[in-house]
1. For the pair residue 649 and residue 430, what calculated FRET efficiency results from E = 1/(1 + (r/R0)^6), where r is the Cβ-Cβ distance and R0 = 41 Å, to the nearest 0.05?
2. Measure off, as a whole percent, the carbon and sulfur share of the 1.4 Å-probe accessible area of the chain, all protein chains present.
3. In nm, to one decimal, how far is the modelled label at residue 298 from the one at residue 449, with both set 7 Å along Cα→Cβ?
4. Counting only heavy atoms of protein chains, what accessible area per residue, in Å², does the range 239-337 have with a probe of 1.4 Å?
5. Using +1 at the C-beta of Lys and Arg and -1 at the C-beta of Asp and Glu, which of 25, 42, 6 has the Cα lying farthest in the positive direction of the dipole of the range 1-93?
6. When all alpha-carbon pairs of the chain are counted, what percent fall beyond 33 Å?
7. Which value, in debye to the nearest 20, gives the size of the charge dipole of the chain about its Cα centre, when Lys and Arg are +1 and Asp and Glu are -1 at the Cβ?
8. With labels modelled as points extended 7 Å from the Cα through the Cβ direction, what inter-label distance (nm, one decimal) is found for residue 547 paired with residue 375?
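The values are calculated or read from the model by the stated rules, or taken from the named source; none is laboratory data. The model shown is predicted, which means the values in this text are computed figures rather than measured ones. Ideal geometry is used to build each Cβ from the backbone, glycine not excepted, and the neighbour counts take in all protein chains shown. Each accessible area value is taken on the protein alone, full model and side chains, heavy atoms only, with ligands, DNA and RNA left out. Shrake-Rupley method; radii C 1.70, N 1.55, O 1.52, S 1.80 Å.
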Amino acid sequence: MADVTFTVDGNKLTAPAGTLLIEACRKAGIEIPAFCYYPGLSLQAACRMCVVRQEKVPKLQTACTTTVAEGQVFTTDSPEIAQARKATIELLLGNHPLDCPVCDAGGECELQDMTFKYGAGESLMVDAKRHRDEQQWSPAVFYDRPRCILCYRCTRMCGEGMDVWALGIQNRGVVSVIAPNEGERLDCEQCGMCIDVCPVGALTSGSYRYKTRPWEMNHVSTVCTHCGDGCKVTLGVRQANDGSEIVRADNRDKSGINGDFLCAKGRFGFDFVDSSERLTTPLARNAQGKLEAVTWEHAFRLVGAKLKEIRDTKGGEAIGVIGSNHTTNEENYLLQKFARTVLQTNNIDHERTTDYVAFARAVAGHDGRAASLREIASAPAILLIGGDPTNEHPLLAWTLRTNVRLNKARLYVANEKRIKLERQAKAALQLPAGGYAAFSAYLGGSDNSIKDSTFRAAVLGEEKLLIIFGQEYRDSAVADLVQWGLGRPNVRFAYLGDYANSRGAADMGLLPDLLPGYVPINASGTFAQEYVGMPTTPGKTQPEMFVAAAKGELGALLVVGANPLSNGSIDLSTLKNTFVVVQDIFLTETAAIADVVFPAASLYEKTGTVTNTFGDLQLARKAADRAGVKSDFEILVRLAGSMGADVKALVPFGKVGVTADLGQSRGAQSGEADRHAVWLSANGLEPKLSPFDPLALLDEIERLVPAYKLDRLNLFGGNDIKIELGFVPVSALGSAHPELVKPAHNGLFTSGTLGHYSNGLKDLERHQAAEVAASAAD
Ligand code: SF4
Ligand code: SF4
Ligand code: SF4
Ligand code: FES
């Protein structure tokens, strides 16, 4: 659209013709009050709060429905307009309970703010207010009818935004009310988006209500710990006796790759952090074989001495290390460096949920072919093959729906199952069983087992195509699909992985044959020079470590933030001759059989970077604190210290150009810097820069891992940075071990081990199960 020039309050503004006046003004810093208007949702014009005067038009106009054209003249602020807005507020307050002192939205309520601004001290309504009891629609969503100002943001958000359509309007006129469309309870995705967009306290959150006031909390932006999409989440945190308590999760500044979106897991699944089952003291097995509490010093001495003894007598190959999909990039990098240089073993692996190795190999040398989530948000055409984003990648599903709705993007869905996103698709192709294997050949026109040439023709007709594919693709299937796309000029790819840092675990080299950046052990170049003591042959995969343990060849196993015994497939007697050390936040199945357990901090209690499945790198900030735990980073540094390793070689703190600090970058919690300083002094180290500061490793990661070129200004400013995978020489990559890839397939209310300890998510799961059972019985 061509730009037009118009006048607002005497200022000349320019915007594309057809822009909504309210948006054009907001961009120019002129705020027009609004209740029913919400960016991205359809226009409602229900509240009349945004009225402005347009020259030559007899009545006041609503800025949320007026589009700008050349030469128009507007006034947005005058006594007449203020009086009109005041009258609107008086009307809204007519039956409003005015229970602001106890309302959950108090201090964050748009109606409260507008009343303060425009004043509505006297009500012309003299009737007694009509009271209605509050309703609980689900464990997450409560509705207080008299507070509702009927702006219909919630119904539009649930319908257009979420494609759930669980909320509707009952009755007409002054007796209109918002209500669940089916019965009296919500059968929905429980995302809480309706609560978030409600401008007043009519919809409130089951986990937050009546707990605190907004000004009593610290608001810390970090990254959701649950799925591979990596939403930015703002945690509301307040002090508690044993550290701090997370009271609420939202994305209040609407920043980051998710804008205002969070799913049920991001919004309600934070309470695992405050679980009474958290480990808060190190445990070691006593003479009777029972785990008992010990001091940190004792635990470090015990583990350090044992690992050193095994390494020095049996060699590093007698030690195995299993890392995590939830720990930060810096922790993962440190873990593999610790394994390779201090333990002197390449026996390091993690629970692989996606074949990132195959993807790295497939796009190697083809810069710009791996797509970020932001590109998905604006791509004109998307082919989604496999996966079920609505359940497993809620932010991706939201992004796709939004792109289709607002930009008219063309979505093509090819899947062996029916998935909900087909409702947004221009074309959907149901593949026969085993159809993924043939799909690349079908796209290339050399396979006729899929009988639908119109779908292919439509896809091939797209000049620019973004292909998103699920974990159904591994190894050569990934290679075939990417190969097809590389033969066309404008095809980009995204590959779906499970957990908050599944991608970071692979990128940082928690692999027995690949160093950080997928650099093969036998082509290690700079790593070989810097990783003094590193063995040069590939180590054992996770299953191979358990085989070695069964044969009595694995003297020790260090497990960091993983739970390989969770699925019951490993015979516990396998480990009877292995010294097992676990770092975790709970006494998981694996921790329960360990010889020593270190209580670790969760992702919400530490600072570092994480990489989502699309390769978008973000800063996770320490939001909460828990007495008695340490970050995995600190535990590893202390373990190295207890083995007599050169800590400065492991974490290059204090080098010129390293901008670590003693805690400032890790959030507002106290005591940490002091604790570190005491340890540093006791070990003869200068307490100016800390080896416990994960950010001290950023320089090394940036220097040695080619893809991780960091735009620090953006990273520390809270923005996402794209990490490009195509950097490894194609010929250098070995086997991807597709058989080791075991997708988690977590749904909307499940999140692996973390989900087991979230009462919020379990409540939602039970509620939804009861709803499904009830509707089946109807
Ligand atoms: S929680 Fe989400 S899905 Fe449920 S009613 Fe609200 S917006 Fe709709
Ligand atoms: S519940 Fe909230 S968002 Fe929904 S119509 Fe009422 S005031 Fe608006
Ligand atoms: S979509 Fe994923 S990252 Fe975003 S809030 Fe949900 S679980 Fe967290
Ligand atoms: S914001 Fe314009 S009418 Fe409600």
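1. Efficiency computed from Cβ-Cβ geometry: 0.15.
2. For the chain, the apolar C and S fraction of the accessible surface comes to 52 percent.
3. Placing both labels 7 Å along Cα→Cβ, they lie 6.1 nm apart.
4. Averaged over the residues of the range 239-337, the accessible area is 37 Å².
5. So the residue furthest toward the plus end is 42.
6. Here the long-distance tail beyond 33 Å is 56 percent of all Cα pairs in the chain.
7. So the dipole magnitude of the chain works out to roughly 800 debye.
8. About 3.8 nm, to one decimal.
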